[in-house]
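Some notes on the structure that comes next.
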Amino acid sequence: MKLIYIDPPYNTGSDSFGYNDSFNHSSWLTFMKNRLEVARDLLTDDGVFFASCDDNEQAYLKVLMDEIFGNENFVTNFVVIRAEGGGLAKQVVKGHDYLLTYAKNIEKFEPLRKPKDIRGKIVKKDGKEYWIEEDWLRIEFGKYGTCYYEDIEKIKGKKKKDEIDKGIEAGQYILLNKGINKTIVGRYRALDEDGSKFYSILKHLNAGGKNELKDLMGKDIFPFPKPTALLKEIIFGATFFQKDKDAIVLDFHAGSGTTAHAVLELNKQDNGNRKFILIEQMDYVESVTVPRLEKVLEKQGGGNFIYCELMPYNAVFMDRIQSAQSTVELLDLWRDISKDSVLKWYVNPQKPEEAEAHFIAIGDVDKQKQLLAELLDKNQLYVHLSEIEDADFGVAEADKVLNRAFYGE
Ligand SMILES: C[S@@+](CC[C@H](N)C(=O)[O-])C[C@H]1O[C@@H](n2cnc3c(N)ncnc32)[C@H](O)[C@@H]1O
């Protein structure tokens, strides 16, 4: 992947988002560490990683990312202005998030770019657009004061003069007359390959993200989507040059799918062929993320994507545990579970009856749920790729074909 962006749960302690956002602090860091380590390996050598966060975890995430990416690969910690004014606050009204940014390898990473503020004449040459930069050849490096063509040899030496003459012949420079004995050396700069560096403060209001999604879908379907403009700015910035217009962008905390939305819009704008891979744990993929991307494609008049679900194994039991309402229901479930080989190795499934009395004695449905969830073998929540040919799992032929295609086999 050329670019990975994530917007993980900020660990605000609130449970109003529909997904878990109140981890114990060290669990949150472990959850992040495991995923960041894999993500780093997935980046290309010139790739870049962005993680949104706020004050809840920023300082800890920065240290963790320094460890995983190496602090020499730290690019910056963007401040992203997300709100203006107002609101109830215990101490200070907070109007910003952070965007921690790391390169896989800072030596191979090209700075993020944005379209340049062009201050010159635009011309067409061999079907391509250029602007002519006039104030680049200075008398003294780093200071204003243009060196005229007539003075190059005197000020910069014969070697430089020859180099400029060669450049003029090759069509790299153009001579511009600015009065008697005043000729400027103009430099052609390709319009679409010439960008400015980023400033460390970005501004994209969350309210914008919310409204745009509401407008697109006709109703409010997701609590805190990121503004598409933020994603467009960083994705465009990291895929600015023509050679990167077919980059793969990954977001493994997809939510409502803002990252994919941004990729689609950018491709439309600059004729790019960037691809996206999104991952999401919640079922709202079907009611929010997929319909959103379908709407975007519909508006753009074409394009496609595929989506699929991991094949559940133990996850079936996990869902049943989570939705159970009573001890009786959980006991039934326990009987089912103990018949299958889905428990952790230290649980003895031969004597489920003996365990029942202890289980009932717990006397609290939530605690009973927690215990059952704990006993399930989490390494088998989904069917492993290595088991794809195992007849017991009954993987459909079409699914096998899809998996082989995905893994490039
Ligand atoms: C803050 S939201 C992301 C919002 C998204 N950037 C948008 O604009 O809509 C975080 C998302 O991460 C998802 N998530 C949390 N843990 C995950 C995991 N282990 N795997 C995949 N998705 C996860 C949550 O379900 C939630 O949708």
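Structure values in brief
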item	result
Cross-link table K125/K197; K94/K116; K166/K232; K2/K197, entries beyond 28 Å C-alpha to C-alpha	K94/K116; K166/K232
For region 29-43 and region 62-115, distance of Cα centres in Å	17
28 Å Cα cut-off, lysine pairs counted over region 235-340 (separation 8 or more, or different chains)	11
Candidates R274, R82, R138: whichever shows maximal mean-square fluctuation once the chain is modelled as a Gaussian network with Cα springs under 10 Å	R138
Residue of P225, P111, P312 that the Gaussian network model of the chain assigns the largest fluctuation, springs spanning Cα pairs under 10 Å	P312
Equivalent-ellipsoid semi-axes of the chain, from the Cα gyration tensor, Å, largest first	55, 23, 20
Relative contact order (percent, whole number), the chain, Cα cutoff 8 Å, 6+ residue spacing	12
Convex hull volume of region 232-302 per residue (C-alpha atoms, cubic angstrom)	74
Trypsin sites (Lys or Arg not before Pro) within region 343-399, DSSP loop, no more than 13 other Cβ atoms inside 10 Å	K344
Highest-first arrangement of 204-210, 252-258, 215-221, where packing means the average Cβ count within 10 Å	252-258, 204-210, 215-221
GNM flexibility winner over the chain from F240, F305, F222 (Cα, springs under 10 Å)	F305
Sparse-neighbour loop sites [GluC sites (Glu not before Pro); region 273-381; at most 16 other C-beta within 10 Å; DSSP]	E309
Extended-chain gain in nm, criterion 0.36 nm per residue less alpha-carbon gap, R35 and K400	128.8 nm
Relative contact order %, region 117-193, counting alpha carbon pairs below 8 Å whose residues are six or more apart	33
DSSP-defined antiparallel bridges as percent of all bridges, the chain, nearest 5	70
Estimated 222 nm signal from helices in the chain, with DSSP H stretches of n ≥ 4 weighted -39500 (n - 2.57), rounded to 500	-11000 deg cm²/dmol
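Taken together, the values in this text are just the output of simple stated rules run on the coordinates, not laboratory data. These numbers come from a predicted model, not from an experiment. All Cβ positions, glycine included, derive from the backbone under ideal geometry; neighbour counts span all protein chains shown.
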